[in-house]
Amino acid sequence: MTHVAVIILNWNGKKFLEDFLPSLIAYTDLPGAKIIVADNNSDDGSVELLRKSFPEVGVMVFEKNLGFAAGYKEALVRVQAEYLVLLNSDVQVTPGWLSPLIALMEKDRSVAACMPKIKSFSQKGYFEYAGAAGGFVDIFGYPFCRGRILDVIEEDTGQYDTTREIFWASGACLVIRSSCYFEAGGLDSMFFAHMEEIDLCWRLHNLGYKIYCVAESVIYHVGGGTLPNNNTHKIYLNHRNNLYVLVKNLPLLLLMPVIFVRMLLDIMSAMAYLARGSKEFSLSVLKAHRDLFRNLPALIGERKNTKNLVGFGRTGKIYMGSIVFDYFILRKRRFSQIKSLQ
């Protein structure tokens with residue numbers, strides 16, 4: 001069995017492969033580590049590029065675009081490795097990026113997954129939205145990060161240069177022990193894309209494992225390579241999948257009150273979009289709630305497969321307040337202002 005496999009899921013990302021594969025190959029210096037690209041039926045010449053210019057990279061080709069979650073789910077079943085590294089195609093790695101991540105997991109078997117610090121490719125002094133220096137969720141399921149509260153992204157001045165436990169690791173670069181991945185049931189194909197890693201990490205917590213951000217490892221992420229932030233489908237997926245995460249993982253006593261409050265907050269969000277003249281965005285939020293109820297039986301079925309549902313007070317990684325309230329009312333815009341998580 002391979003010790004480490006770095007798997008990139010690609011869909012029409014030829015330009016990213018051209019730009020970032022050379023440094024990935026050069027800087028992935030662990031003995032025996034393999035790099036594999038799983039292609040989601042690209043039609044931009046990605047596969048031809050890989051076979052011609054990067055013969056040292058393994059290639060698997062799917063007959064259709066399976067999406068992010070299902071694509072990785074299919075790819076990881078085919079890969080035999082002790083450690084699986086899920087890496088976005090639009091990521092630039094740095095020298096020595098992989099060794100600290102694997103070293104932490106070798107040292108502590110209770111760590112199921114970890115991530116590097118993720119900084120912005122376009123503004124290298126700043127963190128990047130999708131993960132920054134490690135992810136958390138608040139009592140209503142809203143995700144935020146060390147270095148990113150809602151839409152405010154912090155400059156990296158060394159304030160988060162500590163390796164510490166987090167609640168979720170970003171799918172932009174997620175290192176996971178394969179035995180833990182399959183024990184938790186892997187990525188859920190229902191998500192298609194966005195927040196599937198939060199769902200997986202919550203299930204890992206439910207099984208008693210730890211998740212870390214390793215500050216010694218740094219990567220740069222372009223972000224928005226597939227769906228830009230102002231895309232209506234992305235807004236739909238983010239709202240729908242966030243609700244999916246809550247229904248699948250919340251303890252029963254918290255499920256109904258939290259979902260009720262989330263529905264109210266989402267209605268307020270839809271109204272705010274409408275007030276700004278963004279009818280399409282407002283409809284995306286409403287469609288997310290429609291599809292939550294359509295898929296409720298399947299989601300409830302998934303709860304039966306989730307072991308030891310963890311309450312907020314027991315994890316120590318879930319913020320017991322509301323990050324939305326803190327942001328808009330208390331004007332807290334930096335992770336360091338969330339005192340209970342320091």
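The values are calculated or read from the model by the stated rules, or taken from the named source; none is laboratory data. This structure is a prediction, so every number in the text was calculated from the model and none was measured. Cβ: placed from backbone, ideal geometry, glycine included. Neighbour counts: every protein chain shown.
Tabulated data for the structure shown
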quantity: Number of the condition not met by S46 [criteria: (1) of a type in the set (S, T, Y); (2) under 30 Å from T157 (Cα atoms); (3) buried (at least 23 other Cβ atoms within 10 Å of the Cβ)]; calculated: (2)
quantity: Qualifying residue in region 204-217 (condition: over 25 Å from I338 (Cβ atoms) and under 12 Å from the mean Cα position of the chain (by Cα)); calculated: no
quantity: Filter result for L264 (exposed (fewer than 15 other Cβ atoms within 10 Å of the Cβ) and in a helix (DSSP H, G or I)); calculated: yes
quantity: Tally, over region 144-173, of residues that are within 12 Å of the chain's Cα centre (by Cα), assigned to a loop (DSSP other than H, G, I, E, B) and either over 24 Å from V85 (Cβ atoms) or aromatic (F, W, Y) (or both); calculated: 1
quantity: When residues of region 188-210 are limited to those that are closer than 16 Å to E165 by Cβ and either touching an Asp or Glu at 6+ places or on another chain (Cβ under 7 Å) or basic (K, R) (or both), the one surrounded by the most Cβ atoms within 10 Å (Cβ to Cβ); calculated: K210
quantity: Selection count where residues are in a strand (DSSP E or B) and within 20 Å of G223 (Cβ to Cβ), scope region 10-37; calculated: 2
quantity: Subset of region 317-335 [assigned to a helix (DSSP H, G or I) and either more than 29 Å from R203 (Cβ to Cβ) or of a type in the set (S, T, Y) (or both)]; calculated: Y327, F328
quantity: Among the candidates L204, L243, L187, L237, residue that is part of a loop (DSSP other than H, G, I, E, B) and touching a residue at least 24 places away in the same chain (Cβ under 8 Å); calculated: L187
quantity: Residue in region 52-59 that is among the hydrophobic types (A, V, I, L, M, F, W, C), farther than 25 Å from L207 by Cα and surrounded by fewer than 18 Cβ atoms within 10 Å (Cβ to Cβ) present; calculated: yes
quantity: Complete set of residues in region 180-225 that are among the polar types (S, T, N, Q) and closer than 27 Å to W11 by Cα; calculated: S189, S217
quantity: Residue satisfying condition, being modelled with pLDDT of 90 or more, surrounded by fewer than 17 Cβ atoms within 10 Å (Cβ to Cβ) and closer than 20 Å to D188 by Cα, within set R303, R333, R294; calculated: R294
